[in-house]
Ligand code: MOS
């Protein structure tokens, strides 16, 4: 039976009253030992009998037609076939995560896959992929620089009278920031293993949102979705690059069908950089103005991003700017330069991650112009209602996070720029707001309680390193009055009920709500068996009590009880502005001779509704802050100026922070329940930590040495 409940029918406090005490514990990930011992099977690891290996071939022009000469491999040993992009329909044209396999071999960016070469062994396939002859008819019109692009989409959007308010305000700043492109750079490269049996495709892959991925791959290979099963029980990081299917999955599926053998395709690290969706570079002009009391009267955020000519997605740079601060007069102008760099898509916290690098740095500049402490400026501008839509805010603990962080971090010890020095190091502190929109996606989970006192949760939700296995098991255990180790969680299989997937920070709340509802239905069935009203049922440590009855849960059951919980976004999405909030604090040392920046301390104080597992939630924030440090100091996709190719296409050249770049990062949560978010009152946490984090670093650099870095990342030559 399927349980569908609307938001307002849900008892929001149930999880506070169950009393099992599992949900509040910072439990380890149940699958952790499998991962650290190398026994969790990631997509590329299983083998199938008769499996062949495919290697992708990337284009060496920027724009034009590719002709793949399969005959050039005639004498190569072990080669089984060459399959070209032209065999696939463009799988997701017009969607936010179009996998950029263009039909008919038309190349739109340097490095775009034009073929997959399949052979008996990986070495043979790699050899043939290097040897294959591809000829090109380049077409004119390739453009790779977003600043000089001849095709730019986008329109301005204004609230109130921005120009008048800005020009008449007594305190103003007008500053332009730039950010470089970023790569998702997940540890696990994109990988797929495809096998066909009786017209049905089994695809084992590294993907974030299986419900959608199944449709995408079905569309790409031209079969009905019910002929496709996608498996992704373990995913070694996604960060957005695995939201939609990519070329390795299509290549494996097509080649496997043609050959009648299972085919595995794994991208090389370089191909991950060249072929998967990047985070766009941005240019952002911020114009902020206040009255004499530090209240914002005008707020302008105008940006330019880029993407391929026909892609629908564009980085929503101003996402947080719309709802974070007050100000009646507002102006936006979002421009999308149409260029032939690799496709741009969602990368962790699309919008906020780069938009807040500019917004939160501009707030720091505005605070100085207004003669206010940057925390005080933010506190004065927390709006009563959404400044553009008039919506009410659901739970919002921004002020509490800023105040608590200031106290814990020792903000009162902050001095004016240049005043703290230790030897050749300038020392400074910075602050920034964290904010990330919160949403809910339709999700289903099957919850089964067995007579032996164990339970099973099944959903096609993924765990991309985020802790899904842990939290879904905790929710079920809490609701069913079981120890955590009595609950098994099975994820990542489209044969299970469909979930919203891991994306947009909605995964935990959405799939968690469906588990809550499924378990609640199981509870109701148990109450009936025990003979008590559902409201009176108490389940704890395997014992059910209610009314004057008491029984071991196992004794109530002669067969498993199985219920599917089904959550759908409710009406609160329209009536309330829902986001997670926090405050980032950072202390840096800037070398007065070299301009080298060392992050010495970082603290994030976050509020995201109910925290389902403090350990996995804190891990998300740690990772976000570390990425913020990377965005502030080192990470930058570099494109060759003539052909747009990604130059620094591996982790030796694309610099993510390593241990020595990262101090002990502290994370604290402010207790919160969000009654408008979902039945479990939790909000998104996955992308909150990165949002604003980098601005706390650059603001600390300014406070240390008086140099305002507006072009990210703050490499030493941008400081002195
Ligand atoms: Mo996220 S960029 O929606 O994985």
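The values are calculated or read from the model by the stated rules, or taken from the named source; none is laboratory data. As the structure is a computational prediction, the values presented were derived from the model and not from experiment. Methodologically, a virtual Cβ is constructed for each residue, glycine included, from the backbone with ideal geometry; neighbour enumeration extends over all protein chains shown.
Against the definition (within 26 Å of the chain's Cα centre (by Cα), part of a helix (DSSP H, G or I) and more than 30 Å from residue 205 (Cβ to Cβ)), how does residue 479 come out, yes or no?
When the stated conditions are applied, residue 479 does not pass them.
If you scan the range 462-476, which residues turn out to be within 16 Å of the ligand (Cβ to nearest atom) and in contact (Cβ under 8 Å) with a residue 60 or more places away in the chain?
Once the filter is applied, which keeps residues that are within 16 Å of the ligand (Cβ to nearest atom) and in contact (Cβ under 8 Å) with a residue 60 or more places away in the chain, the range 462-476 yields 462, 463, 464, 465, 466, 467.
Evaluate the following for residue 518: is it under 31 Å from the mean Cα position of the chain (by Cα), more than 16 Å from the ligand (Cβ to nearest atom) and not in a loop (DSSP other than H, G, I, E, B)?
yes
Would you check if there is a residue in the range 593-601 being closer than 16 Å to residue 399 by Cβ and in the same structural domain as residue 633 (by TED's automatic domain parsing)?
Within the range 593-601 (the criterion being closer than 16 Å to residue 399 by Cβ and in the same structural domain as residue 633 (by TED's automatic domain parsing)), the answer is no, since none of the residues qualifies.
When the residues of the range 543-554 are narrowed to those that are buried (at least 17 other Cβ atoms within 10 Å of the Cβ) and within 42 Å of the chain's Cα centre (by Cα), which ends up modelled with the highest pLDDT?
Ranking the qualifying residues of the range 543-554, first place goes to 544.
Are any of the residues in the range 645-656 at pLDDT 95 or above and under 18 Å from the mean Cα position of the chain (by Cα)?
Scanning the range 645-656, I find at least one residue that is at pLDDT 95 or above and under 18 Å from the mean Cα position of the chain (by Cα), so the answer is yes.
From the set of residues in the range 492-505 that are in a loop (DSSP other than H, G, I, E, B) and away from the ligand (no atom under 16 Å from the Cβ), which is surrounded by the fewest Cβ atoms within 10 Å (Cβ to Cβ)?
495
Taking residue 406 and the conditions (1) within 28 Å of residue 182 (Cβ to Cβ); (2) touching a helix residue (DSSP H, G or I) at 6+ places or on another chain (Cβ under 6 Å); (3) surrounded by fewer than 23 Cβ atoms within 10 Å (Cβ to Cβ), which numbered condition does it fall short on, given that it satisfies the others?
The number of the failed condition is (1).
What about residue 347, is it touching a strand residue (DSSP E or B) at 6+ places or on another chain (Cβ under 6 Å), assigned to a loop (DSSP other than H, G, I, E, B) and within 16 Å of the ligand (Cβ to nearest atom)?
Yes; evaluated as a whole, the condition is true for this residue.
Quick check on residue 357: is it in contact with a helix residue (DSSP H, G or I) (Cβ under 6 Å, 6 or more places away or on another chain) and either within 16 Å of the ligand (Cβ to nearest atom) or within 30 Å of residue 275 (Cβ to Cβ) (or both)?
Spelling it out, residue 357 is indeed in contact with a helix residue (DSSP H, G or I) (Cβ under 6 Å, 6 or more places away or on another chain) and either within 16 Å of the ligand (Cβ to nearest atom) or within 30 Å of residue 275 (Cβ to Cβ) (or both).
Go through the range 683-720 and count every residue that is modelled with pLDDT of 95 or more and either in a loop (DSSP other than H, G, I, E, B) or within 24 Å of the chain's Cα centre (by Cα) (or both).
Number of matching residues: 26.
Kindly establish whether residue 416 is assigned by TED's automatic domain parsing to the domain that holds residue 366 and out of contact with any strand residue (DSSP E or B) (no Cβ under 9 Å at 6 or more places or on another chain).
So residue 416 passes the test.
Would you say residue 342 is more than 15 Å from the ligand (Cβ to nearest atom), surrounded by 24 or more Cβ atoms within 10 Å (Cβ to Cβ) and outside any helix (DSSP H, G or I)?
yes
Out of the residues in the range 244-265 that are surrounded by 24 or more Cβ atoms within 10 Å (Cβ to Cβ) and farther than 10 Å from residue 194 by Cβ, state the one that is farthest from the chain's Cα centre (by Cα).
247
Suppose the filter is away from the ligand (no atom under 16 Å from the Cβ) and within 20 Å of residue 611 (Cβ to Cβ); does residue 479 pass it?
yes
I'd like the full set of residues that are within 27 Å of residue 150 (Cβ to Cβ) and under 19 Å from the mean Cα position of the chain (by Cα), limited to the range 268-305.
273, 275, 276, 277, 278, 279, 280, 281, 282, 305
Scan 651, 612 and give me the residue that is in a loop (DSSP other than H, G, I, E, B) and closer than 26 Å to residue 28 by Cβ.
612
Could you grab me the full set of residues in the range 516-536 that are surrounded by fewer than 20 Cβ atoms within 10 Å (Cβ to Cβ) and more than 15 Å from residue 555 (Cα to Cα)?
524, 532, 533, 534, 535, 536
Here are 308, 324, 259, 243: which of them is within 30 Å of residue 395 (Cβ to Cβ), more than 15 Å from the ligand (Cβ to nearest atom) and not assigned by TED's automatic domain parsing to the domain that holds residue 630?
Only one candidate qualifies: 324.
Of the conditions (1) more than 30 Å from residue 694 (Cα to Cα); (2) in contact (Cβ under 8 Å) with a residue 12 or more places away in the chain; (3) more than 35 Å from the chain's Cα centre (by Cα), residue 126 fails just one. Which one is it?
Here residue 126 meets the rest and fails (3).
Could you look through the range 555-594, keep only residues that are surrounded by fewer than 16 Cβ atoms within 10 Å (Cβ to Cβ) and more than 30 Å from residue 708 (Cα to Cα), and pick out the one that is modelled with the lowest pLDDT?
Per the criteria, the residue is 571.
Are there any pairs, at least 6 apart or on different chains, whose C-beta atoms fall under 7 Å, with the first in the range 395-406 and closer than 13 Å to residue 378 by Cα and the second in a helix (DSSP H, G or I), and if so, which?
399/379; 402/375; 402/378; 402/379; 406/375
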